[in-house]
Amino acid sequence: MLRSLIFFIFLLIANGLFTPAFALDLPKENRVPGGIAIIELPESKTTPIVYYGKYRVTVVKDQHWLAIVGIPLATQPGEQTIHMQTDHSENDLHFNVADKQYRTQALTVAPRMANPSKQDLRRIAIETKRIEAALTHYTESLQPAFLLPQPVIGIPSDSYGSRRVFNGEARNPHSGMDIPAPMGAAIKAPANGIVVETGNFFFNGNTVFIDHGHGLTTMYCHLSKINVKMGQRVKQGDVIGLVGATGRVTGPHLHFGVSLNRAMVDPALLLR
Ligand SMILES: [Zn+2]
């Protein structure tokens, strides 16, 4: 009886009718600007190396090799190409990005935050380079997690991707998730990683960047206090700082950004 039951289960698995549960946590997929594409790769004995433009893409092994591709907000809808190298071949794979219309959000901030002075612009240019460096690590030795708890308690506003108009003038779209929370609320690292940059930035205020490995980096902006130092290893749940209202803000909140292969994707796709 037991033998025939085991044989029956074996038949189901062999025919693909019953899939054993896998521990692998994947983000939600949404092939739109600011979304994530999960692309099945051909067989390879070694981990395929994948690039999307000039940025390396994280690859995980489920039943097949999967590339988890961050799609930049500025991507034009249509066919996109990733370049892949396996142990025996090198080729391009294509996927399609659909259009998504994000809404427009008008905000009023201090005049200097909408129209920075010449001196501010010089500062912003230096900071932009630091931010770029923080978001382009590809650390092989760290194992990223793709399903994250929310870093602070609160109800996220649905403003990712919105076209922003500050004091009546169009500016860059919103590339993260805003979570309103009381001043001083604890911000917890949603996954293990290494702090790769911290500081006070013109627009972002007090900010922390955590490298989680394989091109996944998270950022935390507008903090009232930073609790970590550059180079520090953090574990999931460590308090990395406190909610504040520094930088370009209309009130205390956490701006939570998620970068995958240098694309600031919608953090909601990775939240549990
Ligand atoms: Zn924000």
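The values are calculated or read from the model by the stated rules, or taken from the named source; none is laboratory data. Since the structure is predicted, the reported quantities are computational estimates derived from the model, not experimental observations. All Cβ positions, glycine included, derive from the backbone under ideal geometry; neighbour counts span all protein chains shown.
Assorted remarks:
- Filtering GLY237, GLY231, GLY199 for residues that are away from the ligand (no atom under 16 Å from the Cβ), at pLDDT 95 or above, surrounded by fewer than 18 Cβ atoms within 10 Å (Cβ to Cβ) and part of a strand (DSSP E or B) leaves a single hit, GLY199.
- Neighbours by Cβ (under 8 Å, 6+ apart or cross-chain): first from region 199-222, over 18 Å from PRO151 (Cβ atoms); second of a type in the set (Phe, Trp, Tyr): HIS214/TYR138; GLY215/TYR55; GLY215/TYR138
Quick grid of which residues meet (1) at pLDDT 90 or above; (2) among the β-branched types (Val, Ile, Thr):
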position: MET1; (1), (2): no, no
position: ILE9; (1), (2): no, yes
position: ALA37; (1), (2): yes, no
position: LYS45; (1), (2): yes, no
position: VAL59; (1), (2): yes, yes
position: ASP87; (1), (2): no, no
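- Restricting region 248-264 to residues that are near the ligand (Cβ under 10 Å from one of its atoms) and closer than 18 Å to THR218 by Cα, the residue that is nearest to the chain's Cα centre (by Cα) is GLY257.
- Residue list for region 77-92, filter: surrounded by fewer than 17 Cβ atoms within 10 Å (Cβ to Cβ) and either touching a strand residue (DSSP E or B) at 6+ places or on another chain (Cβ under 8 Å) or in the same structural domain as GLU140 (by TED's automatic domain parsing) (or both): PRO77, GLY78, GLU79, THR81, HIS83, GLN85, GLU90, ASN91, ASP92
- The requirement of being crowded, with 16+ Cβ neighbours inside 10 Å and either more than 16 Å from the ligand (Cβ to nearest atom) or in a strand (DSSP E or B) (or both) is satisfied by PRO144.
For every residue, the table says whether it meets (1) touching a residue at least 12 places away in the same chain (Cβ under 8 Å); (2) within 16 Å of PRO33 (Cα to Cα); (3) surrounded by 16 or more Cβ atoms within 10 Å (Cβ to Cβ).
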position	(1), (2), (3)
LYS61	yes, no, no
HIS94	yes, yes, no
VAL97	yes, yes, yes
SER117	no, no, no
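- Selection from region 163-187 of residues that are of a type outside the set (A, V, I, L, M), farther than 18 Å from GLY251 by Cα and surrounded by fewer than 18 Cβ atoms within 10 Å (Cβ to Cβ): ARG163, GLY168, GLU169, ARG171, ASN172
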